[in-house]
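Engineer: Quick one: the structure is below, and I'll ask about it shortly.
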Amino acid sequence: MKIQDVLVMLNHVERDGVINRYAIGGAVAATFYLEPVSTLDVDVFISFKPQGESIIVSPAPIFDYFKKFGCKMEGEYIVISGWPVQFLPATGPLLEEALANAVEVDVEGTPARVFTAEYVAAIALQTGRAKDKARLLQFVEAGAIKTHDFEKIVEKHGLSQQWQRFRQQFLSS
Amino acid sequence: MSADIEHVVKSKQAFRTKLAASPIAEKLRMLDALRERALAIRASSARATNVVRENPPKYDSQREANE
């Protein structure tokens, strides 16, 4: 069970043109900036390749690609090296922008594209579940986000009210 | 053992900061280990135990017995 093998496979699927671009999000992305965040799966955001004239995008080519490498499907997950990996379309302005601005990080010679800390935090603010709020708080407390950049993203994507509420609830002393 | 909570909180914070500053490859290996542990805990809690459990009586069973 090695998450580094997942990174290798993600680079393959992109290089072979099955997807346009990928970036890791969620808890695994948070781990790039914080202490390790325990998780059972890997969230990978992707832009799909256009399939002819069709406006409906299908994940089938991705599933077919990984099947060739002996990977199994488990519900909506593809299991790569023991890790369930969920491929999520980067839909909506925030996710699209996060994918476009994702950064490449070297992991012992393997490149891994990851959302920046500011986008991981903004997505957590937008998603707004308890665990997302906890993650956002971790980012703030650890000083892992550039506040100016984060607040620019927050304002651009209409999340100012949520941010204000979050600050009142968790950051006002 | 120290009951100095302030010291404990500071020490925990320092440990978290140290972990966060670890090389990313090392942190990813920690994720592998954390996931294996989480799965092991899930599996063991899902297994049947020898603990005696009292099942609640069937709804309205007392009335049925009296009838």
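Engineer: Within the range A:30-42, track down each residue that is within 20 Å of residue A:76 (Cα to Cα), more than 8 Å from chain B (Cβ to nearest Cβ) and either in contact with a Lys or Arg (Cβ under 8 Å, 6 or more places away or on another chain) or not in a loop (DSSP other than H, G, I, E, B) (or both).
Structural biologist: Once the filter is applied, which keeps residues that are within 20 Å of residue A:76 (Cα to Cα), more than 8 Å from chain B (Cβ to nearest Cβ) and either in contact with a Lys or Arg (Cβ under 8 Å, 6 or more places away or on another chain) or not in a loop (DSSP other than H, G, I, E, B) (or both), the range A:30-42 yields only A:42.
Engineer: Within the range A:84-95, is even one residue closer than 30 Å to residue B:38 by Cβ, within 13 Å of chain B (Cβ to nearest Cβ) and outside any helix (DSSP H, G or I)?
Structural biologist: yes
Engineer: Here's a follow-up. Across the range A:27-43, which residue is surrounded by the most Cβ atoms within 10 Å (Cβ to Cβ) among those that are in contact with a Ser or Thr (Cβ under 7 Å, 6 or more places away or on another chain) and closer than 26 Å to residue A:70 by Cβ?
Structural biologist: The qualifying residue surrounded by the most Cβ atoms within 10 Å (Cβ to Cβ) is A:28.
The rows are residues; the columns are (1) among the acidic types (Asp, Glu); (2) facing chain A (nearest Cβ under 9 Å); (3) assigned to a helix (DSSP H, G or I); (4) at positive phi.
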site: B:14; (1), (2), (3), (4): no, no, yes, no
site: B:17; (1), (2), (3), (4): no, yes, yes, no
site: B:36; (1), (2), (3), (4): yes, yes, yes, no
site: B:43; (1), (2), (3), (4): no, no, yes, no
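Engineer: Could you tell me which of the residues B:8, B:52 is away from chain A (no Cβ under 14 Å), in a helix (DSSP H, G or I) and modelled with pLDDT under 95?
Structural biologist: Numbers: B:52 fails: in a helix (DSSP H, G or I).
None of the others qualify; the one that does is B:8.
Engineer: Whether any residue in the range A:119-141 is surrounded by 13 or more Cβ atoms within 10 Å (Cβ to Cβ), outside any helix (DSSP H, G or I), at pLDDT 95 or above and β-branched (Val, Ile, Thr) is what I want to check.
Structural biologist: Taking every residue of the range A:119-141 in turn, none turns out to be surrounded by 13 or more Cβ atoms within 10 Å (Cβ to Cβ), outside any helix (DSSP H, G or I), at pLDDT 95 or above and β-branched (Val, Ile, Thr).
The values are calculated or read from the model by the stated rules, or taken from the named source; none is laboratory data. What you see is a predicted model, and the numbers here were worked out from it, not measured in a lab. Every residue, glycine as well, gets a Cβ built from its backbone with ideal geometry; the counts of neighbours run over all protein chains shown.
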